[in-house]
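Working notes, beginning with the structure itself.
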Amino acid sequence: MNRAILNSPVGYLEIVENNDAIIKINYLEELVLIEENKSYYLNKTIAQINEYFKGKRKQFDLKLKPEGTDFQKEVWKEVFKIPFGETKSYQEIADTLGDPGAVRAVGNANGHNPIPILIPCHRVIGSDGKLTGYSGGISRKEWLLKHELTFSDAEMQLGLF
């Protein structure tokens, strides 16, 4: 297992890679000194995340291997499909999964996404267009959405900002 700390516009990110797949990204509230072991793949990941923050990358070309239940993985697959600069509601994801009553379960799965930013759970919003829950905090979610709107052709959706 390899790990590194990246100082990003949304704070420090601990990125964890195992067998050439990203398995976790943690938001850190302060710099933590860890023994970094940067593999080729971890360096590739850091480069792509930096390109994203510079507005030069809208899609990631990385192998992701999040750990979770089958349902969580299904939710994360749908979240992963949300295009840069766009949003979907928890209800839309539940509908896509064929279970319109699973809105809270979708929200719970989204909240347990172990690889934020790469699996863009910040792009999931409430049906009323409001920003709701985010493991990194609402201020980070808002920053990421504004960042993407700055570098996308998408119009501001649902009166978010």
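The values are calculated or read from the model by the stated rules, or taken from the named source; none is laboratory data. Treat the numbers as computed from the prediction; the structure is a model and nothing was measured. Neighbour counts run over all protein chains shown; Cβ positions are idealised from the backbone, glycine included. Side chains are part of the model used for accessible areas, which takes the heavy atoms of the whole protein and leaves out ligands, DNA and RNA. Shrake-Rupley method; radii C 1.70, N 1.55, O 1.52, S 1.80 Å.
A few remarks follow.
- Dipole of the range 13-161, positive end: most advanced residue of P114, H147, L13 [Cβ charges, Cα centre]: H147
- At R0 = 22 Å, FRET efficiency that the Cβ-Cβ distance of D128 and D95 yields, to 0.05: 0.90
- To the nearest ten degrees, helix 40-53 and the longest principal axis of the Cα atoms of the chain are 50 degrees apart.
- Net length gained if the chain between L31 and M1 were fully extended (0.36 nm per residue, minus Cα distance): 8.8 nm
- 18 Å Cα-Cα reach of K44 towards lysines, excluding residues that sit fewer than 8 places from it in its own chain: K24, K54, K56, K58, K63, K65
- Whole-percent carbon and sulfur share, accessible surface of the chain, 1.4 Å: 47
- Per residue, the accessible area of the range 61-114 comes to 57 Å², computed with a 1.4 Å probe over protein heavy atoms only.
- Over the range 1-95: Rg over Rh, Cα atoms, Kirkwood Rh: 0.98
- Here the convex hull built on the C-alpha positions of the chain has a volume of 104 cubic angstrom per residue.
- Axis of helix 70-80 versus longest Cα principal axis of the chain: the two differ by about 90°, to the nearest ten degrees.
- Qualifying aspartates and glutamates (Cα of each under 14 Å from Cα of K81; at least 8 residues distant if same chain): D61, E92
- Annotation: amide H of R57 within the under-5 Å range of Y52, sequence separation 5 or more or interchain, hydrogens built in the peptide plane.
- Radius 11 Å from Cβ of T96, net charge of other residues (Lys, Arg +1; Asp, Glu -1): -2
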